[in-house]
Amino acid sequence: MALTATPNWEVSVTVADRDKNLRSFSFNLPSALTFAAATAAAEAIITAAATLINGVVVRYGLLGGKYESTYPATLPPEGSDVERKGVFVFNSTVFGQHVKVELPSINNDYVVDGSNIIDQADADVAAFVDAMVDTGLGAGNSPVSATGADITGLFGAPKKIHRSSSKG
Amino acid sequence: MFVPVPTMALEWHAADRDKGRALTTMRLPFAVSPADADSVTDELHSVIQPIINCTITRVGWRWIFRNDDTETAEIGSNTQVLLALFYRNEDRYDAIYLPSPDPDYWETTGPYAGVRLDMSNPTVVSAIEALSTALAEAVTPAGEPFPTEFVVGGKVV
């Protein structure tokens, strides 16, 4: 399976009314536009649209990305369950600020038998943890905290949890 | 003025065999370019997929800009929406929906009073011209150029 680039930039604009109710509108821009050109085009449309409304545009988001072109024609594997989470909590460079990542449908092969602990010594698990830590991906592009603090390592042993599901 | 929030979001959408869905969000520095987000996505995907057994259906890259002006909305409600139609061909119009339309811009007389944009109002005319011009850069979800010939605007609730 491979991920394919989405064809458009999707722009989602959030408008607040006097009572702080939020509602959004959206439009698309061609993905061929550079990031700077896309933000300029988005703001031109937002500025023109704002003349016609009496709410306040509070934010807008520029959304790109990739998608799995074989889904849903190719079904996910038997036994997959997105409510079975692999919970990884990381430390950041800001004391007390942790980064929690819940990987859906963690493979039970990586759970230490007789426990809910995910085996950090396993090479595949270690590769994921290394990629999350600052410099793991190089060029300063590894994940960070919501405020932009670098991730320094695991806070504790990663665990498997299972959330309840309305689907049973 | 729109200013960037500190980080951009890397949104991992997953699905399991029973149509269960999950979203996991990671953060990257806001300055990460789309090209770097692309390579980071591929690198993280290569280490995440081996330890999970569901399908990553989509990875979204979301850069958010917030408005740092402290203006307050005028009296009005987001429950109303302006539907603006643009002509594509005899069979199809494309639309943009704008929440919280300004009631000052509706027609005031005739059968469409209070529901249709007043195209005799110079402010409305110039705003529609600006919107049509700006939409020339836009596309439909299918990737077709967005039409720029404005037809009519009206209130929907």
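Below are the figures for this structure:
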quantity	calculated
Filter result (surrounded by 15 or more Cβ atoms within 10 Å (Cβ to Cβ) and more than 8 Å from every other protein chain (Cβ to nearest Cβ)) within the range A:99-111	A:Val111
Cβ pairs under 7 Å, 6+ apart, first in the range B:54-66 and surrounded by fewer than 24 Cβ atoms within 10 Å (Cβ to Cβ), second of a type in the set (Asp, Glu)	B:Thr57/A:Glu68; B:Arg58/A:Glu68; B:Gly60/B:Glu11; B:Arg62/B:Glu11
Residues of the range B:49-74 satisfying the condition of being of a type in the set (A, V, I, L, M, F, W, C) and not in a loop (DSSP other than H, G, I, E, B)	B:Ile51, B:Ile52, B:Ile56, B:Val59, B:Trp61, B:Trp63, B:Ile64, B:Phe65
Any chance A:Arg18 is surrounded by 18 or more Cβ atoms within 10 Å (Cβ to Cβ), of a type in the set (Lys, Arg) and not assigned by TED's automatic domain parsing to the domain that holds A:Ile106	no
The range B:115-139, residues that are among the small types (Gly, Ala, Ser) and either under 30 Å from A:Glu10 (Cα atoms) or in contact with a Ser or Thr (Cβ under 8 Å, 6 or more places away or on another chain) (or both)	B:Ser126, B:Ala127, B:Ala130, B:Ser132, B:Ala134, B:Ala136, B:Ala138
Conditions (1) within 7 Å of another protein chain (Cβ to nearest Cβ); (2) buried (at least 21 other Cβ atoms within 10 Å of the Cβ): number failed by B:Met8	(1)
Filter result for the condition that a residue is surrounded by 14 or more Cβ atoms within 10 Å (Cβ to Cβ) and of a type in the set (Gly, Ala, Ser), over B:Ser126, B:Ser120, B:Ser100	B:Ser100
Residue under evaluation A:Ser105, criteria (1) without any contact (Cβ under 8 Å) to a residue 12 or more places away in the chain; (2) in contact with a Cys (Cβ under 7 Å, 6 or more places away or on another chain); (3) among the small types (Gly, Ala, Ser), criterion not met	(1)
Cβ pairs under 7 Å, 6+ apart, first in the range B:32-48 and outside any helix (DSSP H, G or I), second buried (at least 18 other Cβ atoms within 10 Å of the Cβ) and at pLDDT below 90	B:Val32/A:Asn141
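The values are calculated or read from the model by the stated rules, or taken from the named source; none is laboratory data. Owing to the predicted nature of the structure, the values given are computational and were not obtained by experimental measurement. Methodologically, a virtual Cβ is constructed for each residue, glycine included, from the backbone with ideal geometry; neighbour enumeration extends over all protein chains shown.
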